[in-house]
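S.K.: Encoded as structure tokens, here's the structure I'll be asking about.
Computed from the coordinates by the stated procedures, all read-outs in this text should not be read as laboratory data. Given the structure is predicted, the values throughout are model-derived calculations rather than measurements. Cβ coordinates were reconstructed from backbone atoms using ideal geometry, including for glycine residues, and neighbour counts include every protein chain displayed.
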Number of protein chains: 2
Amino acid sequence: MRKQSYHHGHLQEALVNIALKSLEHQRASEISLRKLAVKLEVDHTAVYRHFKNRDALLAAMIEVGYQKLIEMMAEAWQTDAPWRERIKQVVKAYAEYARTNPNLFEIMFGGALDESQYPALQQLSMQSTNMFVTYVKQAQTDGMFTGDEPSKVALNICMLCHGLAQMVVGNQFKGSFAKVDEDLDRLAEGVVTGMNLE
Amino acid sequence: MRKQSYHHGHLQEALVNIALKSLEHQRASEISLRKLAVKLEVDHTAVYRHFKNRDALLAAMIEVGYQKLIEMMAEAWQTDAPWRERIKQVVKAYAEYARTNPNLFEIMFGGALDESQYPALQQLSMQSTNMFVTYVKQAQTDGMFTGDEPSKVALNICMLCHGLAQMVVGNQFKGSFAKVDEDLDRLAEGVVTGMNLE
DNA sequence: TGACAGTGTAAACAGTGGTGACATATGGTG
DNA sequence: CACCATATGTCACCACTGTTTACACTGTCA
């Protein structure tokens, strides 16, 4: 009975939040449950009242990450512009998300966590990839022509997004191609025009 | 003076080799220097005679990984087939590499290691991406037409490869698109035909 | 009030990467 | 051959990590 409060109250939320905040300036591997607990002025073993283990906390963080990503994609699509521009905006949003949340993106797609043990993550993951299919179908009704099935086109766009994002966070734009990172717009444009659409 | 040999002889090589072998059935995060040392019947601190730290060992492993990847791409390109088929084979090789070496691929591109501290890795990384440019240029002389610069086309192919590979190792082919993993050929075909070439 | 589930604490464990002092081995020198 | 510098391996520690177990406090509901 040394402290007046004793119970934290919202430890679960607080853990996810502070962990996500930590991710803004350090990678996931540098985050320790003990340090998080210190910041929240709580014994480090209290974490285990809310998460089975470290991975479970990571999973909760990734869940938020997917929600944010899906949100950003949806927002990018939400425009009056022609379908070509809208797709470009989605690609851009995807890459921009990776650029501004590299450490979160890393745990989402870097393979550090075994998603198959977290059904909620699997569902969100599928949801995010399915968005591409939805968008392509919608673009088709807006005048886009493609000989391939929508799902195939969507797959290609999805792969391009993934690849672009990967290269952005990997800082893979140095000598070989553009020096970009700043000019995502041009890259996204290249993605769209480089595809066999119209 | 309990052992006759005392000195291992090829500890450096042995460490990289056994670590790479371990990577075949477990991910990098599960590999510990101490366990490797035990397997080689050596004190775990002996590792530090050959590698500054754990990351340095990872870097050595990644170096081998790049060499293998570059080799496989080069081999895939080495054909008499028309350029379209050759590019497809390269894409396929890239994805196949990721599929058969997922844990190695993960440390190569998962962002766990800060490549900027290992010039040899940066060089190899650039080399592997530059191969795409070389191939596109060569394809151009073999009849491929593209309005864009070769480097742009190469960038798109590179992104597609990265994205495809990423999705393959992430086991992201379940409900949404194909059920593949088996049918890389069809996916690679889709990549090539989905692009604005000819 | 009293039982009780939820939550935080304390102590301890095994495992990790890493350091510094020391021991041994190796290979070249005189 | 003797000798010695250097490369390599060992040993004793350290700080830190995730995790478990037994215990203590808190709030709630009967």
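S.K.: If you put +1 on each Lys and Arg Cβ and -1 on each Asp and Glu Cβ, how big is the dipole of the protein assembly as shown around its Cα centre, in Debye rounded to 20?
M.R.: Computed charge dipole of the protein assembly as shown: roughly 1600 debye.
S.K.: Also, I was wondering about something else. Where a Cα-Cα gap under 15 Å defines reach, which aspartates and glutamates qualify for A:Lys35, not counting those fewer than 8 residues away within the same chain?
M.R.: Straight-distance partners of A:Lys35: A:Asp43.
S.K.: Moving on to the next point. Work out from phi, with θ = phi - 60° and the Karplus expression 6.51 cos²θ - 1.76 cosθ + 1.60, the ³J(HN,Hα) of each residue of the range B:84-93, listed in order in whole Hz, and give x for Gly and Pro.
M.R.: Per residue, the Karplus-derived 3J(HN,Hα) values read 4, 5, 5, 4, 4, 5, 5, 4, 4, 4 Hz.
S.K.: Next question, about the same structure. Give me the mean projected area, in nm² to one decimal, of the convex hull enclosing the Cα positions of the protein assembly as shown.
M.R.: Details: hull surface 97.3 nm².
Directional mean of the projected Cα hull area for the protein assembly as shown stands at 24.3 nm².
S.K.: Sticking with this structure for a sec: Say each of B:Glu24 and B:Asn53 gets a label point 7 Å from the Cα, pointing the same way as Cα to Cβ; how far apart are those two points in nm?
M.R.: 3.1 nm
S.K.: Taking amide H atoms as placed 1.01 Å from N in the peptide plane, list the residues 5 or more away in sequence, or in a different chain, whose amide H sits under 5 Å from that of B:Met195.
M.R.: Excluding prolines and chain starts, which carry no amide H, the hits are A:Asn196.
S.K.: Cα centroids of the range B:59-121 and the range B:124-147: how far apart, whole angstrom?
M.R.: 16 Å
S.K.: Moving on to the next point. For the range B:49-145, what D do you get in µm² per second when you plug the Kirkwood radius from alpha-carbon pairs into Stokes-Einstein at 10 °C and 1.306 mPa s?
M.R.: Working: Rh = 14.5 Å.
For the chosen part, D equals 110 µm²/s.
S.K.: Once Lys and Arg get +1 and Asp and Glu get -1 on their Cβ, which of A:Asn103, A:Asn156, A:Ser125 lies farthest toward the positive end of the dipole of the range A:83-198?
M.R.: Positive-end residue among those listed: A:Asn156.
S.K.: So how tilted is helix A:11-22 from the main axis of chain A? Cα-based, degrees 0 to 90, rounded to 10.
M.R.: The angle comes out near 60 degrees.
S.K.: Sum -39500 (n - 2.57) across every DSSP H segment of at least 4 residues in the protein assembly as shown, then divide by the residue count to get the 222 nm mean residue ellipticity, nearest 500.
M.R.: -20000 deg cm²/dmol, from helical runs alone.
S.K.: Using DSSP to call loops (not H, G, I, E or B), can you name the trypsin sites (Lys or Arg not before Pro) in the range A:1-86 whose Cβ has at most 13 other Cβ atoms within 10 angstrom?
M.R.: Hits after loop and neighbour filter: A:Arg2, A:Lys3, A:Lys52.
S.K.: With the cut-off at 30 Å, tell me which of the pairs A:Lys39/B:Lys52; A:Lys39/B:Lys39; B:Lys21/B:Lys137; A:Lys21/A:Lys52 have Cα atoms farther apart than that.
M.R.: From the list (A:Lys39/B:Lys52; A:Lys39/B:Lys39; B:Lys21/B:Lys137; A:Lys21/A:Lys52), the Cα-Cα distance tops 30 Å for A:Lys39/B:Lys52; A:Lys39/B:Lys39; B:Lys21/B:Lys137.
S.K.: Measuring from a point 7 Å out along Cα→Cβ, what nm distances, shortest first, does A:Phe145 have to its partners in the other copies?
M.R.: Sorted ascending, the copy-to-copy spacings read 1.8 nm.
S.K.: Using the crude model of +1 on Lys and Arg Cβ and -1 on Asp and Glu Cβ, and no other charge, please compute the dipole size for the range B:33-166 relative to its Cα centre, in debye to 20.
M.R.: Approximately 280 debye in magnitude.
S.K.: If the chain between A:Gln140 and A:Asn196 were fully stretched, how many nm would it gain, using 0.36 nm times the residue separation less the Cα-Cα distance?
M.R.: Values: separation 56, 0.36 × 56 = 20.16 nm, distance 1.34 nm.
Separation in residues times 0.36 nm, less the Cα-Cα distance, equals 18.8 nm.
S.K.: Would you work out which of A:Met72, A:Phe145, A:Ala14 lies farthest towards the positive end of the dipole of chain A, given +1 charges on the beta-carbon of Lys and Arg and -1 on that of Asp and Glu, about the Cα centre?
M.R.: Most positive-ward Cα: A:Ala14.
S.K.: Moving on. Measure nothing but the geometry: give the 0 to 90° angle between the long axis through the Cα atoms of B:150-169 and the longest principal axis through the Cα atoms of chain B, rounded to 10°.
M.R.: With rounding to tens, the tilt is 60 degrees.
S.K.: Measure nothing fancy, just the Cα-based angle from helix A:54-77's long axis to the longest principal axis of chain A, in degrees from 0 to 90, nearest 10.
M.R.: 30 degrees
S.K.: Anyone know which of B:Glu75, B:Glu63, B:Glu41 comes out most mobile in the 10 Å Cα GNM of chain B?
M.R.: Of B:Glu75, B:Glu63, B:Glu41, the most mobile in the Gaussian network model is B:Glu41.
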